[in-house]
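Working notes for the structure below.
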Amino acid sequence: EPAPVAVADCVGDALAAARLPFTLRVSATGLDRLPLVLAGREGLALALENLLGNAAEALGGAGGGQGTIEIGGRTEEQWVELTIHDNGPGISAEAQGRIFDFDYTARRRTQRGRLGFGLWWVKSLLTRLGGSIAVESDGKAGTTFRLRLPRA
């Protein structure tokens, strides 16, 4: 059941669980000033962990890639919008149209350990909470995910 939660707490939980390579620079600004959102703390943290893991993979994976991930947020009348931006290679327009599909994966099908429905699950969770997720990328440099969650 959705309950009032602090976005900053969920981001902190996600960052701790994601165990991002120390070579990535991560910044999270202004999150402690955001109002509470209606979500489940564990579910939202897991969704954010998925997005952070995808960003790290785009920046060179667990092998110690380099780059930046910026996490920010802003308040609208009925919403809190959270952004996760990386300066990786971007996502093609064709892939953007499919990345939230149940069985879509950009990874080779022979890779083990990842099921290929992470972004589908993230979108499903946010939809159940009354929110949404969108992706923005020019397909060449950088990707931004925008999560909208209802204010508590």
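The values are calculated or read from the model by the stated rules, or taken from the named source; none is laboratory data. Only a predicted model underlies this, so the values are computations on that prediction, with no experimental measurement involved. Positions of Cβ are backbone-derived with ideal geometry, glycine not excepted, and every protein chain shown enters the neighbour counts. Only protein heavy atoms, including side chains, enter the accessible area calculation; ligands, DNA and RNA are left aside. Shrake-Rupley method; radii C 1.70, N 1.55, O 1.52, S 1.80 Å.
Structure notes:
- Among (1) assigned to a loop (DSSP other than H, G, I, E, B); (2) at pLDDT 90 or above; (3) small (G, A, S); (4) more than 23 Å from Q66 (Cα to Cα) - the single one G88 does not satisfy: (4)
- Members of the stretch 19-35 found to be at negative phi and open to solvent by less than 60 Å² (accessible area, probe 1.4 Å), listed by number: L20, P21, T23, L24, V26, S27, A28, L31, L34, P35
- Residue within the stretch 17-33 that is more than 16 Å from T83 (Cα to Cα) and assigned to a helix (DSSP H, G or I) present: yes
- Failed criterion for G61 (all others in (1) more than 17 Å from C10 (Cβ to Cβ); (2) modelled with pLDDT of 90 or more hold): (2)
- Count of the stretch 1-16 residues, restricted to those that are β-branched (V, I, T) and part of a helix (DSSP H, G or I), is 2.
- Per-region count, the stretch 101-137, residues open to solvent by 30 Å² or more (accessible area, probe 1.4 Å), modelled with pLDDT under 95 and either of a type in the set (D, E) or in contact with a helix residue (DSSP H, G or I) (Cβ under 6 Å, 6 or more places away or on another chain) (or both): 3
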